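Worksheet: one structure, shown below.
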Amino acid sequence: MISPDKMKKIKEFIDSLDKEEQTWTNGYLEGIHTGNSSIEISSHKNSTENKKITIAYGTESGNSKKIANLFASRAKQEGIHAKIVSLDQYRLTDLPKEEYFLTVISTQGEGEPPASAKKFYDHIHQNGFNLPKLKYGVLALGDTSYPMFCKAGEDVDHQLGHLGGQRIVDIQRCDVDFETDAHNWMNDVIQKISGTKSSSYSLAKVVKKSSGKKIYRGKILANINLNDRGSAKQTHHIEISCEDVFYKPGDSLGIVPHNPVDVVETIISHTGINAERTFVHRNDTCSVFELLHKKLNIVYLPERVVAKYAVQVKEDIPAMKTGLLDLIRRYPVKDPSHFETFLQQLEPITPRLYSISSSLETVDGEVHLTVARDKFSIDEELKYGLCSDHLCSLKVGSEIDFYIHHNDQFRLPEDNKDVIMIGPGTGIAPFRAFLSERESAGASGRNWLFFGDQHFTTDFLYQTELQQWKEGGVLHSLDVAFSRDQEEKIYVQDKIRQRAAEFFQWIENGATLYVCGAKKMGEDVEKTIIDLIKKSGAADDAESYINGLKTEGRYLKDVY
Amino acid sequence: MSEPNLSSIEKIKQASDSLRGTIREGLEDEITGAISEDDKALVKFHGMYLQDDRDRREERAEKKLERLYSFMIRLRLPGGFLTADQWLATQDIAGEHSTGIIKITTRQTIQLHGLYKSHVKPTIQAFNEAKLHSIATCGDINRNVICAAHPKQSPIHKEVHDFAYKINELLLPKTKAYYEIWLDEEKLVDKKEEEDPLYQDRYLPRKFKIALAIPPNNDVDVFGNDLGLIAIIENKRLTGYNIAIGGGLSSTHGNPSTYPRLATVIGFVSGEEKILKTIYEIVTIQRDYGNRSDRSLARLKYTVDKMGIEWFKTEITRRTGFPLDKEKPYQFTERKDYYGWFQNSDKLWYYTPFIENGRVTDDEKIALKTALYEIAETRKLNFRFTTNQNVILSDISDDDKVSIEKILKKYRIEEYTESISSLRKNSMACVALNTCPLAFAEAQRYLPSLISKIEPLLKKNGLQEEDIILRMTGCPNGCARSYIAEIGFIGTALGKYNLQLGGDHAGMRLNKVYKESLDEPAILLELEILFSKFAKERKTKESFGDFAVRKNLV
Ligand code: SRM
Ligand SMILES: Cc1cc2nc3c(=O)[nH]c(=O)nc-3n(C[C@H](O)[C@H](O)[C@H](O)COP(=O)(O)OP(=O)(O)OC[C@H]3O[C@@H](n4cnc5c(N)ncnc54)[C@H](O)[C@@H]3O)c2cc1C
Ligand SMILES: Cc1cc2nc3c(=O)[nH]c(=O)nc-3n(C[C@H](O)[C@H](O)[C@H](O)COP(=O)(O)O)c2cc1C
Ligand code: SF4
C-alpha cells in the first residue's frame, strides 16, 4: 500500500488543485491505466508564439464564464495571447477582424441564447456580411433534460460557418457535467492553433467520468399559502428538509414534474397502446406508463411535436401548441403502432426552476421555496400549471426529488457592500435568502428591498419577517408597491422613481443591484433605472453607465 | 400638580404636542396597517381605536402576515341627532371605507368598524363634508353627551336636547391637531390659539361621561355616568337640573378595588350659566384630583369616594362661587325605547323600529340598511339614536307620514318590529368579539341566539309579555350597562358568563352576581328554575329584578 508520507504528499498535492484540475488529474490517471493518454511531457511553445485568440462567452448562470476563464488561462500557459470577453460587451464591429474566435455559450429558455448573448446572436443571424478571415470554434453548454439540447450553441456554430467562417474544431455539446468535455475541447482547440499534436501535460486527453446532476430526495416540512383569504393569488411557502443538500443564496431548485396519472391512463386507453411494453429512453429502459408519467412532456406540446403527430396520424392539423390528450381526442390514432412510433418523437419533460428562498446559514439541511400556483384558462376552463400545482398541493411529510441549479451570476457581494434588491411577487424569494445570509453573517453593508404585489392586506409575502428585519436594522430600507389598492396602479418602478436620488446615491456608493421576478417587470425596472440615471445628470450616457455596472457584476438579473 | 408616578398614558399625552404625536408619520408607514403604541393612545382623542380582527390572528400569523389591523371610528353626536342627508352620507361612507355595517352604540352615536389605515383620512374628510366629526369621542376627555332620546317624552325635550349641545361645546378640546392631521389644516376656518385652560396638556385622568335625563324615563341610565343631569320640570317648565356625580359601570375581574357605582345626587342648579359653570368646575376638580398613576382607579367615581361627597360639594362651591341648592324631588319609573309610532307635543311623528344590538345591516331576517337608506332619501325626517342602540325616525309631519309608512311596509319593518319578543326588545349586547381587544367572550354575535333559547322558557311560564331588561357584555367593562340590568351576563371566558340579578326597571339599583362563569346549558337551566319560581311566587306587577331582591337571590 501507499506509504504515509507518500499519501501525505498526494493529499497536499490534491488539496492544491482546483475542481477542474482535480477532474483532469482524475481522468489523467484513468488514462494512464486504460493506456489511452499520451504523456510526452515536452513543450515547444515557439509554434504558438504571438497567436491571438478571442474567447467570447454567453452565460446566464456563470458556467460558460467559468469555462471561458479556465480556457484563457490554459491558453496563456501555452503562450497564446488570449482576450476574454462577455458577448454583451463584445464590439460586433470587431468580428470581421478576428483571427481566432472561440465561443462558449449556453442555451436558455426554450432553446434560446442567454440574455447576455442576444445582441450577438441576432447580429450574426442577420446576413448581409461575411467573415472570410474568421477561424472559429464553439463550445455549447446545455442540459440534456431540455428538449432543445445546446440549441443556441448549434445555431452560433452553424451561422458563423454560413457567414464564411472556417470551423477549426467541431462543436462540443456539454451536458450539466461539462468539466471533462470542456477540457478536451480546449485541448483540441489549442492543439489546432499551436499545430502540434500535444504539448504540455495539461493538454493530455482526459477520459470522461459521467456524473450528471446530483438528485436529492427531500421531505416536505411545511407548505403554507402566504396569500390571505380573498386574494387572487396563491403563493406557497414550502419548506423541504434534506440532510446533505448544498446550495448558496442565488441558486435555484430544479424539479422534473410528473404528469397526472389520470391523464396518462386516458391517453393509454384512447390509443390502445400496451402500458407494460418497455421502451428505451435515454440511457434507461422503462414501461410505456412510466415513460408517459415521468419522462415525456405530454401536457403542452410545442408546434414542432404537434406537426410530427400530424404526420403519424396522417391528418392536416393546424400549427398549434396543445396537450397530447386534447390532440388524441380531436385526432384519434388509427393504430397503436402509430402511437408507439410517435412516442419516440415526444420530448422530455422540461425541468422547472424555483429560486431558493432560504440560507443554509440559518436553516441547515433545509431548502425553502416561494411558489406561485400558476393559473391559466383554456376556453373559460380554469387550469393550473403542472409543477407549481403539484408543489402547492404537496402534503407535509411527502417526498420530492430535486436538483440544485447553481447560479454564480446571482451572488451576494462582500459583506461590507450595499445591495439593492428589487423583487415583486415571487421575485422576493432569493432576497429572503440574501437577507437571512446577510443577517447571520452580520454583514455591515446596507440592504434595500423593493417589494410589490396586488393588495397590502392579502398579498404582502413574508410581511412579518420583513418587518422584523426592518426593526432589527438588517433591512435599512423597505419600499412596497401594491398595485390594486388605489385607483392608479403603482408598481415597484414607481417606488424607485419616488426615491430616485437616494437610489442613484446608493449605486454611486458601490451598491449592487439585483432584480428578480417576471421578465416584463425586469424590463420596466431597467427602463426606469436608465431613465433616472439620465435625469441624475451625473452620467452623460446612461446606457454605458448600466453596461459599466453589468461588467462590474453590480447589476444582476434573474427573471423568468 | 405633578404626581409621584404618572402612568405611561399621562406621559404620552403630555409629550404629544397637543395630541399630534407621530400620527402623521404613522399614516405614511406603508409596511404595516398599524401605528405606534403611543399614537394608538393619541388617535383615541381623535375618535378612533386601532383594532384587529381577532378571528383571524392565528391564521394570519401562520401566513407570515401581520394581524389584520383596522380602525374603528366613533362619531360625536350630542343627543344622537343626524339629518337625513347626514345619514345618507354615513351609509355611503360606511359602504366605501368600512365593513358597511353601521353600529348604533349605547351612547347614542354610531361607529364604523374595519377601516384600513389608508381609508381613515378619506373617511374623516367625507364625514367633514357632511359636517360630522369624531373629535374626543374616545380618550381621557368628555365623551359624547347623551340625552333622553324620544321627543314625545316631554314638551321640554327640545330645550334639554339643545342644552346637550351647549355642554358639548363647553367641553371640547382646543387643540387643532384633528384639523391638521385629518383635514390637511387649510380646511380649518379660523385659527384660534390652542391654549386649553380646561384640559391643559394633560387632559383628564380618564374618560368622562355626561348624560341628561327627563323623568320618568331613565333611558340614558343617568346614574351610570360620571356626571348626570336630571331635568326638573315644575308646572310644565324646565326649572333646572339635579346634579348627580360619580357614576361608572365597570369593574375589573380580580381587582377588588374596582367596582361599578351609581352616581350620587348632590343638589340642584338652575339658570343656564350657573349650570354650565357647575359642570365645568366638576370637570376641573376631576382633572386636578383624579388618579393619574393608576388608570383602573382614575374615573370620577373613585375621586368622589376618595375625597368624599361633602368635600366635593364645598370644592365645587369654592370654584363656582355659589352653593348648590338642595336636590329637587324627581321620579324615574322606566328605562325603555318606545317602539312603533308616536306623536310629540308639536304633532310631529316618530317611528322606532327594532334594531338588534344596534347593528344596521341587511340580513336574511330584514333589509334594514336598504330600507333606512330609502327612507332617508325622502329627506322628510331626521334620525335620532337611542341609548338602547336603536334609531328613531324623527320629526315627520302629518303629510309626510304616509310616504314613510309606505317604505316601512315595503320592507316589512313594522311587521318585523311587532314580531319581536319583549325580552329581545329590552335587551342589549356590546360589540365584544371580533373587534374589541378587551373581550373575554362573545356578546352581540351571540346574544341573539341565546335569547331565542330563553324565549321558550318564558313562554312556558306565561312570562312572554314581561318587560325584563337583559344585557350582555363580553367583559366586566360593562359597555352595554350590564351591571344595571335585571338579567346581566358578564363574560369571563369564551362561552362563560357571570349571571347577574337584581337590577330594577328604572336603573336605580345595581345588580349582583348570582352564579359565576356559567356556560350555555347552565345558564338555561338556572333561568328555567328562576322563571318558574318567579311565575309562581311573584307579587302582582312585581318586576323580575325586584323579585330577585325580595327573595334574597342576590
Ligand atoms: C360601542 C360601545 C358598546 C356598544 O356596543 O354600544 C363600547 C365599546 C367599547 N368600549 Fe365601552 N363602549 C360603549 C359604552 C360604554 C359604557 C356604557 C355607557 O357609557 O353608558 C360603559 C360603562 C359606563 C362607564 O363608562 O363606566 C363603557 C365602559 C368601557 C370601559 C370601562 C371604563 C372604566 O371605567 O373602567 C372600557 C375600557 C377602558 O376604558 O379602559 C371601554 C372600552 C371600550 C372599547 C373602546 C374597547 C377598547 O377600549 O379598546 C370598546 C370598542 C369595541 C368595538 O370594537 O367597538 N368601555 N363603555 C359603547 C360606545 C359608547 C359611545 O358611543 O361612546
Ligand atoms: C430561474 C428561474 C427561477 C424561477 N423561480 C420561481 C420562483 O421562485 N417561484 C415561482 O413560482 N416560479 C419560479 N419560476 C417559474 C417556474 O419555474 C415555472 O415556470 C412556473 O412555476 C410554471 O410552471 P408550471 O409547471 O407550474 O406551469 P406549466 O405547466 O409549465 O405552464 C406554464 C404556462 O404554460 C401554458 N400552458 C401550460 N399547459 C397548457 C395547456 N395545456 N394549454 C394551454 N396553455 C398551457 C400556460 O400559459 C401556463 O401558464 C422560475 C423560473 C426560472 C427560469
Ligand atoms: C430556464 C432555463 C432554460 C434552459 N433551457 C435549456 C435548453 O433549452 N437547452 C439546453 O440544452 N439547456 C438548457 N438549460 C440548461 C443550461 O444551458 C445549463 O444549465 C448551462 O450549464 C448553463 O450555463 P450558463 O451558466 O453559462 O448559463 C436551461 C437552463 C435554464 C435555467
Ligand atoms: S364590555 Fe368589554 S367586551 Fe364589550 S365592548 Fe366593552 S370592552 Fe369590549
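Things worth noting here:
- For the range B:463-481, the count of residues that are away from ligand 2 (no atom under 16 Å from the Cβ) and in a helix (DSSP H, G or I) is zero.
- Residue match in the range B:516-527 (condition: in contact with an Asp or Glu (Cβ under 9 Å, 6 or more places away or on another chain) and not in a helix (DSSP H, G or I)): yes
- Hits in the range B:44-62 (condition: of a type outside the set (Gly, Ala, Ser), at the interface with chain A (Cβ under 9 Å from one of its Cβ atoms) and either surrounded by fewer than 17 Cβ atoms within 10 Å (Cβ to Cβ) or under 22 Å from B:Asn142 (Cβ atoms) (or both)): B:Arg56, B:Glu59, B:Glu62
- Checking A:Val525 against (1) surrounded by 17 or more Cβ atoms within 10 Å (Cβ to Cβ); (2) within 12 Å of another protein chain (Cβ to nearest Cβ), the condition it does not meet: (2)
- Screening B:Lys347 on (1) of a type in the set (D, E, K, R); (2) more than 23 Å from B:Ser154 (Cα to Cα); (3) surrounded by fewer than 16 Cβ atoms within 10 Å (Cβ to Cβ) shows it passes everything except condition (2).
- Being away from chain A (no Cβ under 14 Å) and either acidic (Asp, Glu) or over 24 Å from B:Cys479 (Cβ atoms) (or both) holds for only one residue in B:Ala15, B:Ala41, B:Ala94, and it is B:Ala15.
- Some residue of the range A:418-437 being more than 14 Å from chain B (Cβ to nearest Cβ), farther than 20 Å from A:Gly517 by Cβ and touching a Lys or Arg at 6+ places or on another chain (Cβ under 9 Å): yes
- Just one of the numbered conditions (1) closer than 22 Å to B:His157 by Cβ; (2) in a loop (DSSP other than H, G, I, E, B) is not true of B:Phe440: (1).
- Of all the numbered requirements in (1) within 14 Å of another protein chain (Cβ to nearest Cβ); (2) under 20 Å from the mean Cα position of the chain (by Cα); (3) surrounded by 22 or more Cβ atoms within 10 Å (Cβ to Cβ), B:Leu65 misses one, and that requirement is (2).
- Considering residues of the range B:75-89 that are in contact with a strand residue (DSSP E or B) (Cβ under 7 Å, 6 or more places away or on another chain) and surrounded by fewer than 22 Cβ atoms within 10 Å (Cβ to Cβ) only, the residue farthest from B:Ile146 (Cα to Cα): B:Ala84
- Of all the numbered requirements in (1) in contact with a Leu (Cβ under 6 Å, 6 or more places away or on another chain); (2) over 30 Å from A:Phe431 (Cβ atoms), A:Ile356 misses one, and that requirement is (2).
- Test result for B:Ile101, more than 16 Å from ligand 2 (Cβ to nearest atom), more than 14 Å from every other protein chain (Cβ to nearest Cβ) and in contact with a helix residue (DSSP H, G or I) (Cβ under 6 Å, 6 or more places away or on another chain): no
- B:Thr361 vs. criteria in contact with a Lys or Arg (Cβ under 9 Å, 6 or more places away or on another chain) and within 16 Å of ligand 1 (Cβ to nearest atom): yes
Results for (1) buried (at least 19 other Cβ atoms within 10 Å of the Cβ); (2) of a type in the set (Gly, Ala, Ser); (3) at pLDDT 95 or above, shown as yes or no for each residue.
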residue	(1), (2), (3)
A:Thr54	yes, no, yes
A:Thr107	yes, no, yes
A:Asp122	no, no, yes
A:Gln126	no, no, no
A:Phe129	no, no, no
A:Pro147	no, no, no
A:Cys150	yes, no, yes
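- Residue in the range B:449-460 that is farther than 22 Å from B:Gly254 by Cβ, part of a loop (DSSP other than H, G, I, E, B) and either among the β-branched types (Val, Ile, Thr) or at pLDDT 95 or above (or both) present: no
- Residues that are out of contact with any Lys or Arg (no Cβ under 9 Å at 6 or more places or on another chain) and on the phi > 0 side of the Ramachandran plot are absent from the range B:26-42 altogether.
- Residue in the range B:460-475 that is away from ligand 1 (no atom under 16 Å from the Cβ), free of Cβ contacts under 8 Å to residues at least 40 places away in the same chain, more than 15 Å from B:Lys336 (Cβ to Cβ) and not small (Gly, Ala, Ser) present: no
- Restricting the search to strands (runs of 3 or more DSSP E) fully inside the range B:371-430 and requiring at least 2 residues that are away from ligand 1 (no atom under 16 Å from the Cβ) gives B:391-396.
- Residue pairs meeting the criteria (Cβ under 7 Å; at least 6 apart or on separate chains; first under 17 Å from A:Asp177 (Cα atoms), in the range A:61-85; second modelled with pLDDT under 95 and more than 16 Å from ligand 3 (Cβ to nearest atom)): none
- Flag for A:Asp401 being more than 13 Å from ligand 2 (Cβ to nearest atom) and surrounded by 11 or more Cβ atoms within 10 Å (Cβ to Cβ): yes
Matching residues to (1) of a type in the set (Phe, Trp, Tyr); (2) surrounded by 18 or more Cβ atoms within 10 Å (Cβ to Cβ):
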| position | (1), (2) |
| --- | --- |
| B:Glu418 | no, no |
| B:Cys436 | no, yes |
| B:Phe440 | yes, yes |
| B:Leu447 | no, yes |
| B:Glu455 | no, no |
| B:Gly462 | no, no |
| B:Met472 | no, yes |
| B:Gly491 | no, yes |
| B:Ala506 | no, yes |
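- Total residues in the range A:129-147, condition in contact (Cβ under 8 Å) with a residue 40 or more places away in the chain and more than 14 Å from the chain's Cα centre (by Cα): 3
Let's see how each residue does on (1) without any contact (Cβ under 8 Å) to a residue 24 or more places away in the chain; (2) within 16 Å of ligand 3 (Cβ to nearest atom); (3) part of a strand (DSSP E or B); (4) charged (D, E, K, R):
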site	(1), (2), (3), (4)
A:Ser377	yes, no, yes, no
A:His390	no, no, no, no
A:Gly397	no, no, no, no
A:Ile404	no, yes, yes, no
A:Asn407	no, yes, no, no
A:Leu412	no, no, no, no
A:Ala429	no, yes, no, no
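- Residues in the range B:212-237 that are part of a loop (DSSP other than H, G, I, E, B) and either hydrophobic (A, V, I, L, M, F, W, C) or within 16 Å of ligand 3 (Cβ to nearest atom) (or both): B:Val220 only.
- One residue alone among B:Phe312, B:Phe322 is aromatic (Phe, Trp, Tyr) and in contact (Cβ under 8 Å) with a residue 60 or more places away in the chain, and that residue is B:Phe312.
- Scope the range A:224-248; condition within 14 Å of chain B (Cβ to nearest Cβ) and either part of a loop (DSSP other than H, G, I, E, B) or surrounded by 20 or more Cβ atoms within 10 Å (Cβ to Cβ) (or both); matching residues: A:Leu226, A:Asn227, A:Asp228, A:Arg229, A:Gly230, A:Ser231, A:Lys233, A:Gln234, A:Thr235, A:His236, A:His237, A:Ile238
- Condition check for B:Leu433: touching an Asp or Glu at 6+ places or on another chain (Cβ under 7 Å), in a helix (DSSP H, G or I) and not aromatic (Phe, Trp, Tyr): no
The values are calculated or read from the model by the stated rules, or taken from the named source; none is laboratory data. Nothing here was measured: the structure is a model prediction, and the numbers come from that model. Because the Cβ atoms are built from the backbone with ideal geometry, glycine has one as well, and the counts that use them run over all protein chains shown.
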